[in-house]
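The values are calculated or read from the model by the stated rules, or taken from the named source; none is laboratory data. What you are looking at is a predicted structure, and each value in this text was computed from that prediction instead of being measured. Neighbour counts run over all protein chains shown; Cβ positions are idealised from the backbone, glycine included. Each accessible area value is taken on the protein alone, full model and side chains, heavy atoms only, with ligands, DNA and RNA left out. Shrake-Rupley method; radii C 1.70, N 1.55, O 1.52, S 1.80 Å.
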Amino acid sequence: MPKPSVDEILQQGIHGQKELRPEERRRYLGTFRERVLIALTKMQVYEPGTFPEVEQLMKEYPDAQLFMNGHMSYEEFSKYLRMANEHNIEYTIVTNKEHDSELGLVLACQYAVDREEIYLKEDSEAAEDEGPAAEKKGFFAKLTGWFRK
């Protein structure tokens with residue numbers, strides 16, 4: 001391996017070490033998208049109880065690691081830390097002072113798993129997938145529909 005030039009050393013001193021896909025790593029709490037098994041938003045982590053999909057993946061992948069967003073309070077994600085302890089899953093609380101990810105929890109492996117769907121669908125998204133029969137109308141849509149009658 002060739003020695004780094006003086007210019008490269010100065011650039012690293014000014015800007016820090018070169019990183020591979022830094023924006024992706026910030027979004028997924030320090031890991032890459034292709035390693036992610038499941039990702040929950042902060043709002044999903046705030047919901048009471050836990051998602052059974054997370055526990056199922058912990059059982060299927062005992063070598064996985066749990067990443068929790070350090071910008072959230074411990075009380076909010078402690079239920080997932082207890083679950084990780086029950087399944088002997090390592091966990092890391094990630095706090096990036098320069099960037100706060102919208103994700104609250106990421107379960108990932110140290111290798112690529114390339115799961116197509118890593119996000120849980122929320123109830124409103126599931127209703128959209130069910131077709132027009134399950135369509136929910138807002139107040140103003142109902143109001144304008146009433147005037148058309």
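Here's the picture: a label point sits 7 Å out from the Cα of His99 along the beta-carbon direction, and within region 58-72 the residues with their amide nitrogen under 17 Å of it are 67-72. Enumerate the whole-percent occupancy of each 5 Å bin, from 0 to the last occupied one, for all C-alpha pair distances of region 59-98. Spelled out per bin, shortest first, that is 6, 24, 31, 20, 12, 6, 1. Each of Val54, Val6, Gly30 was placed along the dipole of region 1-129 (beta-carbon charges, centred on the mean Cα), and the one lying farthest toward the positive end is Val6. Here region 2-94 is assigned +1 on the Cβ of each Lys and Arg and -1 on the Cβ of each Asp and Glu. Its dipole about the Cα centre then comes out at about 220 debye.
At 25 °C and 0.890 mPa s, what whole-number value in µm²/s does Stokes-Einstein give for the translational diffusion of region 1-119, with Rh from the Kirkwood sum over Cα pairs? Kindly include the intermediate steps, with their values, before the conclusion.
Details: Rh = 15.5 Å.
Roughly 159 µm²/s, to the nearest whole number.
When every Cα-Cα distance of region 12-72 is counted in 5 angstrom steps from zero, the calculated P(r) takes the values 3, 14, 22, 21, 18, 10, 5, 4, 2, 0 percent. With a Cα cut-off of under 23 Å and a minimum spacing of 8 residues unless on different chains, the lysine pairs in region 1-92 number 4.
Surface composition of region 35-92: carbon plus sulfur atoms contribute 47% of the solvent-accessible area (1.4 Å probe, protein chains only, all chains present). Legend: calculated FRET efficiency, Glu90 to Glu47, from the Cβ-Cβ distance at R0 = 25 Å, rounded to 0.05, equals 0.55.
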